[in-house]
Amino acid sequence: MLPIQLDSDLEGRLRAAELTYDHVAGTAGVLPAGYYHLHRRTALDLGAARFAETARLLFSWQVHLRSGLQVSTSSPTVEPDTVVVLGVHAGPFRLSAPCRVAYVIDEPNRQGFAYGTLPGHPESGEEAFVVERRDDDTVVFDVRAFSRTCSNLAKLAGPLGRLAQRRMTDRYVRSLTDTPEVRE
C-alpha cells in the first residue's frame with residue numbers, strides 16, 4: 001500500500017493553514033490540561049532489526065494505511081511540515097482529518113513524529129507516534145495524544161468519538177503486532 005499524493009491546490013491550502021491548537025509539540029512532554037488525553041505503550045519485540053523495521057513502517061505511513069485509513073499526503077515519507085489528510089469510511093460517511101507534522105524525532109534508539117490538526121479536522125489537538133529501542137533491547141511503540149472536539153459532528157458523537165479514537169489506537173498497535181517477526 002502506498003499513500004496518495006495530495007492535490008497541489010489542497011496541499012498549498014493546508015500548508016498555509018494554522019494549526020487548530022495552541023500547545024504545539026505538547027505530546028513531547030506533559031500533556032496539556034483542558035484536553036482529552038490518550039496514552040498507549042506496547043512492547044513489540046526485541047532487537048535492532050525490529051526497531052529499524054518498525055521505524056520504516058511508521059515513517060512510510062504504513063501504520064496508518066495498515067490500520068485502514070486512507071492517507072493522502074504531500075510526501076510518501078514523514079518529514080517536518082508534511083501535510084496529510086487521513087480518511088476513514090464509516091458506512092456511507094467519509095470523514096477527512098487534515099493534519100501537519102508538528103515535529104520529528106530522529107535519534108539512534110528513538111524514532112517518531114507527531115502531527116497536529118488543521119482546519120477541517122473534527123478534533124483539535126496533536127497525536128504522536130514513537131518507536132523506541134530500550135537498553136534491554138525491547139522495542140516499544142508509544143502513542144500519545146491530546147484532543148478536544150471542535151466540529152459539530154464530533155460534538156454530536158460525544159463519548160462515541162473517544163471510543164473511536166481508542167479503537168483507532170488499537171488498530172495502530174495491531175498494524176505493528178501483526179507484522180511478521182523480524183530476526184537479526
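Within segment 75-148, the proportion of C-alpha pairs whose separation exceeds 15 Å stands at 60%.
Near Trp61, the amide H atoms lying under 5 Å from its own belong to Val78; only residues 5 or more places off or on other chains count, and H is placed 1.01 Å from N. The apolar share of the surface of the chain, taken as the fraction of accessible area on carbon and sulfur atoms (1.4 Å probe, ligands and nucleic acids excluded), comes to 53 percent. Taking trypsin sites (Lys or Arg not before Pro) as exposed when their DSSP state is a loop state and no more than 16 other Cβ atoms lie within 10 Å, the longest site-free interval of the chain runs over 1-133.
In the chain, the calculated helix contribution to ellipticity at 222 nm averages -8000 deg cm²/dmol per residue, counting -39,500 (n - 2.57) for every DSSP H run with n ≥ 4. The value of relative contact order for the chain, using C-alpha pairs under 8 Å at least six residues apart, is 28 percent.
Among Ala49, Ala102, Ala145, which one shows the biggest mean-square fluctuation in a GNM of the chain, springs joining Cα atoms closer than 10 Å? Between Ala49, Ala102, Ala145, it is Ala49 that shows the largest mean-square fluctuation. Here r is the Cβ-Cβ distance between Ser96 and Ser8 and R0 is 22 Å; the resulting FRET efficiency, rounded to 0.05, is 0.80. Overall, the chain carries a charge dipole of about 720 debye about its Cα centre when +1 sits on the Cβ of Lys and Arg and -1 on the Cβ of Asp and Glu, all other atoms neutral. With protein chains left intact and a 1.4 Å probe, residues in segment 1-123 average 49 Å² of accessible area per residue.
For segment 1-78, the equivalent ellipsoid derived from the alpha-carbon gyration tensor has semi-axes of 25, 23, 11 Å in decreasing order.
Remark: segment 36-101 carries a charge dipole of roughly 180 debye about the Cα centre, counting +1 on each Lys and Arg Cβ and -1 on each Asp and Glu Cβ.
From largest to smallest, the equivalent ellipsoid semi-axes obtained for segment 67-113 from the alpha-carbon gyration tensor read 25, 11, 8 Å.
For Gln111, the shell of other residues with beta-carbons less than 14 Å away shows a net charge of -1, using +1 for Lys and Arg and -1 for Asp and Glu.
The values are calculated or read from the model by the stated rules, or taken from the named source; none is laboratory data. Since we're looking at a predicted model, the values are computed, not measured. As a convention, Cβ positions derive from the backbone with ideal geometry for all residues, glycine included, and neighbour counts pool all protein chains shown. Just the protein is used for accessible areas: all its heavy atoms, side chains included, with ligands, DNA and RNA removed. Shrake-Rupley method; radii C 1.70, N 1.55, O 1.52, S 1.80 Å.
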